[in-house]
1. Considering only residues that are open to solvent by 80 Å² or more (accessible area, probe 1.4 Å) and over 27 Å from Lys43 (Cα atoms), look in region 115-141 and name the one that is nearest to the chain's Cα centre (by Cα).
2. Only residues that are outside any helix (DSSP H, G or I) and of a type outside the set (A, V, I, L, M): list them for region 17-32, please.
3. Would you confirm whether or not region 32-45 contains a residue that is charged (D, E, K, R), open to solvent by less than 30 Å² (accessible area, probe 1.4 Å), modelled with pLDDT under 85 and under 24 Å from Gly121 (Cα atoms)?
4. I'd like the full set of residues that are in contact (Cβ under 8 Å) with a residue 40 or more places away in the chain and aliphatic (A, V, I, L, M), limited to region 102-134.
5. Being modelled with pLDDT of 75 or more and open to solvent by less than 50 Å² (accessible area, probe 1.4 Å) is the requirement here; does Ala71 meet it?
Amino acid sequence: MPAKQAGEGNLERQKQRLERHAQEKGYEIKAVIAEQGSGLNEKRKGLDRIFKMAREGKIDLVVIEFKDRLARFGYNYIEKYLNAFGVRIEVVNGAEPKSLQEELVADMLAILSSFSARLYGHRSKEFRKKVREAMKDIEAAEKAE
């Protein structure tokens, strides 16, 4: 979920809705895992934690609001993996209804956003590195005077 949505409280409201759903169903909540980020990102600590809990037999159910909150692509692979450990996924609100064209546009935008973020993040990292190197050079020059 983008930072803007988290800042507006959407992530917190989503957590509250899911916790309320779990309580109404009488589920024991073992963990609440919330991630702010793209479902396209393969470096997701929250998803890794779910996988670990599944492997260790600590959970038997994962409750999510929509499938794309767990993964934009590859949801079925994640579901099969969790099922192999006896964990099922409960999707509270099913799929958000979209036409084929809306799904395609959403998928293309998600891919574009993900790669743009990676590109700008990489450029930003390189820029910060150059600034640190320049600062070291300035400090060294000042000490040499």
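The values are calculated or read from the model by the stated rules, or taken from the named source; none is laboratory data. Given the structure is predicted, the values throughout are model-derived calculations rather than measurements. When we count neighbours, we look across all protein chains shown, and the Cβ atoms used for this are built from the backbone with ideal geometry, even at glycine. In case anyone asks, the SASA skips ligands and DNA or RNA and just uses the protein heavy atoms, side chains included. Shrake-Rupley method; radii C 1.70, N 1.55, O 1.52, S 1.80 Å.
1. In this case the residue turns out to be Glu133.
2. Of the residues in region 17-32, the ones outside any helix (DSSP H, G or I) are 26-32.
Gly26, Tyr27, Glu28, Lys30, listed by residue number.
3. As a first pass, look at region 32-45 and keep what is charged (D, E, K, R): 35, 42-45.
Those still in the list that are open to solvent by less than 30 Å² (accessible area, probe 1.4 Å) too: 44.
Still in the list and also modelled with pLDDT under 85: 44.
Filter again for under 24 Å from Gly121 (Cα atoms), leaving 44.
Checked region 32-45: at least one residue is charged (D, E, K, R), open to solvent by less than 30 Å² (accessible area, probe 1.4 Å), modelled with pLDDT under 85 and under 24 Å from Gly121 (Cα atoms).
4. Kept after step one, since they are in contact (Cβ under 8 Å) with a residue 40 or more places away in the chain, are these residues of region 102-134: 110-111, 113-114, 117.
Once the filter is applied, which keeps residues that are in contact (Cβ under 8 Å) with a residue 40 or more places away in the chain and aliphatic (A, V, I, L, M), region 102-134 yields Ala110, Ile111, Ala117.
5. yes
This table checks each residue for (1) in a strand (DSSP E or B); (2) open to solvent by less than 80 Å² (accessible area, probe 1.4 Å); (3) under 18 Å from Glu35 (Cβ atoms).
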site	(1), (2), (3)
Val62	yes, yes, yes
Asn76	no, no, no
Ile89	yes, yes, yes
Glu102	no, no, no
Asp107	no, yes, no
Ala110	no, yes, yes
